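Take a look at the structure set out below.
What follows draws every value from the coordinates through simple rules; no lab data is involved. As the structure is a computational prediction, the values presented were derived from the model and not from experiment. Virtual Cβ from ideal backbone geometry, glycine too; neighbours counted across all protein chains shown.
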Amino acid sequence: MAENILLKVRIAGIAFADPITTAAGLATATWEDQPLTLRDDEVSIVEDDPDEKEVFSHENDSAEDYDITGKGLSAKGSFIKMTRAQMVDLIGGATVGVDAAMKFHKSARKLTLNKAIKFTLKSGDTMIAPNAKGFVLINAGLGVDGVQKYPWKFKLLQASAEWDCDLVY
């Protein structure tokens, strides 16, 4: 049976930067803080089940070999209290008007983000995904005690052909 990684931590903040392609780039990245995360939600980094394939021959009933191909890590969670400018940057669309009259016009097209993600933990440690690709959605909880929640999901990708890394902890 393949082993899965499921990691849950308490988050103090999330920041984005341009994708990082070298280990040295971790120290020089320019990070931009992102909206708050929802306390009742979880931010999780999960390793997907790998593909498993047994290799058989005609002569033997039992497997000759066993091949495992990993599917990588994904991170998911939710933002809350997004500004309209952050909505444009993370969801797509545009803002129209100024100050109190400013409105967000959501685009029908889905914006795909390619970022480095830094998770700052309550313990003070950091986890960095140097290259992640994903999206942010709108789940507007309208009504009594409704929370505007913006779920996000990113696939953690290999940093570069030269640096085989998808998570630094």
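In the set Phe135, Phe119, which member is crowded, with 17+ Cβ neighbours inside 10 Å and touching a strand residue (DSSP E or B) at 6+ places or on another chain (Cβ under 9 Å)?
Values: Phe135 fails: crowded, with 17+ Cβ neighbours inside 10 Å.
Checking each option against the conditions leaves just Phe119.
Does Glu42 fit the bill of being touching a strand residue (DSSP E or B) at 6+ places or on another chain (Cβ under 9 Å), part of a strand (DSSP E or B) and among the acidic types (Asp, Glu)? Before you say what the answer is, go through the steps one by one.
Numbers: touching a strand residue (DSSP E or B) at 6+ places or on another chain (Cβ under 9 Å): yes; part of a strand (DSSP E or B): no; among the acidic types (Asp, Glu): yes.
Judged against the criteria, Glu42 is not a match.
Quick one: would you say Asp49 is at negative phi and either of a type in the set (Ser, Thr, Tyr) or without any contact (Cβ under 8 Å) to a residue 40 or more places away in the chain (or both)? No. Of all residues in segment 22-46, which are among the polar types (S, T, N, Q) and either closer than 22 Å to Lys71 by Cβ or without any contact (Cβ under 8 Å) to a residue 60 or more places away in the chain (or both)? Residues satisfying the conditions are Thr28, Thr30, Gln34, Thr37, Ser44.
Suppose the filter is over 20 Å from Pro130 (Cα atoms), under 21 Å from the mean Cα position of the chain (by Cα) and outside any strand (DSSP E or B); does Lys110 pass it? The answer is yes for Lys110.
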